[in-house]
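The values are calculated or read from the model by the stated rules, or taken from the named source; none is laboratory data. What you see is a predicted model; the values in this text were computed from it and never measured. FYI the Cβ positions are ideal-geometry reconstructions off the backbone, even for glycines, and counts take in every protein chain you see. Just the protein is used for accessible areas: all its heavy atoms, side chains included, with ligands, DNA and RNA removed. Shrake-Rupley method; radii C 1.70, N 1.55, O 1.52, S 1.80 Å.
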2 protein chains.
Amino acid sequence: MNDLVIRPATPEDIPAIVALLVADSVAVSRESPDDLTPYYAAFERIAADPHQHPTVAVRDGRVVGTLQLSVIPGLSRAGTTRVIVEAVRVHAGERGQGLGTLLMEWAINRSRELGAGLVQLTSDSVRTDAHRFYERLGFVGSHIGFKMTL
Amino acid sequence: MNDLVIRPATPEDIPAIVALLVADSVAVSRESPDDLTPYYAAFERIAADPHQHPTVAVRDGRVVGTLQLSVIPGLSRAGTTRVIVEAVRVHAGERGQGLGTLLMEWAINRSRELGAGLVQLTSDSVRTDAHRFYERLGFVGSHIGFKMTL
């Protein structure tokens, strides 16, 4: 794992990030890999917001993992700032070798640095392997995640 | 319902918002109502971030409901911006009279105005009444919500 770098994502990473999103069987139908225009537009919105932390894990110059941290100040839990982790993806060829753990441990430490007292994420109910993974890291699956497409 | 106003929260609303947070049996142990200092500090962080929308519902000059919308740009789902709804609370005396529905319908419409293609929230697994409420509004409880206190 010596050659692994975890760093902020740049626009140059977008094709590789979209490839990771598309490789995900649960989410592939939601993506539009033949036209990257909406991803570049979204990256501009992300880059304009200092509370967004789009991130890639790079090994030997290749993007092998990605996630995004969002810092959300709030009143509940005695004014606790929380970090929400979204779009966690690890390249299929890297699975089972500890990259997911490294990436999430990085995310947890970074969340602390960013002033968060709580880190949270949602995972599709069908991703049972991912649920065990998050529980091993110390997350508690205490909530139901509700979503509505607009 | 004619006298109901839904508007951005101000620092003056903090005592009433904390009272709503404390009145919630599931979450009361996480709050510190005897010292509002951390809530005022948190409100400054919220007010400094244009992507946070702390909100109150006011009837006859009294805060009877609250929620916070957070706008999060992202790459997944073809660059969809999402709104996360947190800290939804309705005064006990208002329940069953449609205020929760009005407040959430406001949140959904406001999310559209804010450019979101997805609105999402998590609800503690024990809040089964809330789950039915969100499903009636059109939310799908497709995910598990994982949290870790730091």
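Rundown of residues vs (1) touching a residue at least 24 places away in the same chain (Cβ under 8 Å); (2) open to solvent by 20 Å² or more (accessible area, probe 1.4 Å), yes/no style:
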{"residue": "B:PRO50", "(1), (2)": "no, yes"}
{"residue": "B:THR66", "(1), (2)": "yes, no"}
{"residue": "B:SER70", "(1), (2)": "no, no"}
{"residue": "B:GLU94", "(1), (2)": "yes, no"}
{"residue": "B:LEU102", "(1), (2)": "yes, yes"}
{"residue": "B:LEU118", "(1), (2)": "yes, no"}
{"residue": "B:SER125", "(1), (2)": "no, yes"}
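Name, by its number, the condition in (1) out of contact with any strand residue (DSSP E or B) (no Cβ under 6 Å at 6 or more places or on another chain); (2) assigned to a strand (DSSP E or B) that does not hold for B:MET104.
(2)
Can you give me the ranges of the strands (runs of 3 or more DSSP E) entirely in the range B:1-94 with at least 2 residues that are among the aromatic types (Phe, Trp, Tyr), over 26 Å from A:LEU67 (Cα atoms) and within 14 Å of the chain's Cα centre (by Cα)?
In the range B:1-94, there are no strands (runs of 3 or more DSSP E) which contain 2 or more residues that are among the aromatic types (Phe, Trp, Tyr), over 26 Å from A:LEU67 (Cα atoms) and within 14 Å of the chain's Cα centre (by Cα).
Can you tell me which residue among A:ARG82, A:ARG89, A:ARG77 is surrounded by fewer than 22 Cβ atoms within 10 Å (Cβ to Cβ) and basic (Lys, Arg)?
On inspection, the qualifying residue turns out to be A:ARG77.
Taking the residues in the range A:79-99 that are of a type in the set (Gly, Ala, Ser) and at pLDDT below 95 as candidates, determine which candidate is nearest to B:LYS147 (Cα to Cα).
Ranking the qualifying residues of the range A:79-99, first place goes to A:ALA87.
If you check B:SER25 against the conditions, is it exposed (fewer than 12 other Cβ atoms within 10 Å of the Cβ), more than 13 Å from chain A (Cβ to nearest Cβ) and among the polar types (S, T, N, Q)?
Yes, satisfied.
What's the total number of residues in the range B:127-136 that are open to solvent by 80 Å² or more (accessible area, probe 1.4 Å) and in contact with a Gly (Cβ under 8 Å, 6 or more places away or on another chain)?
Adding up the residues that qualify gives 1.
Given the conditions (1) within 30 Å of A:LEU36 (Cβ to Cβ); (2) crowded, with 20+ Cβ neighbours inside 10 Å; (3) hydroxyl-bearing (Ser, Thr, Tyr), and given that B:SER142 satisfies all but one, which numbered condition is not satisfied?
Status for B:SER142: all satisfied but (2).
Assess whether B:SER111 counts as being out of contact with any Ser or Thr (no Cβ under 6 Å at 6 or more places or on another chain), among the hydroxyl-bearing types (Ser, Thr, Tyr), open to solvent by less than 20 Å² (accessible area, probe 1.4 Å) and within 7 Å of chain A (Cβ to nearest Cβ).
Yes: the conditions hold for B:SER111.
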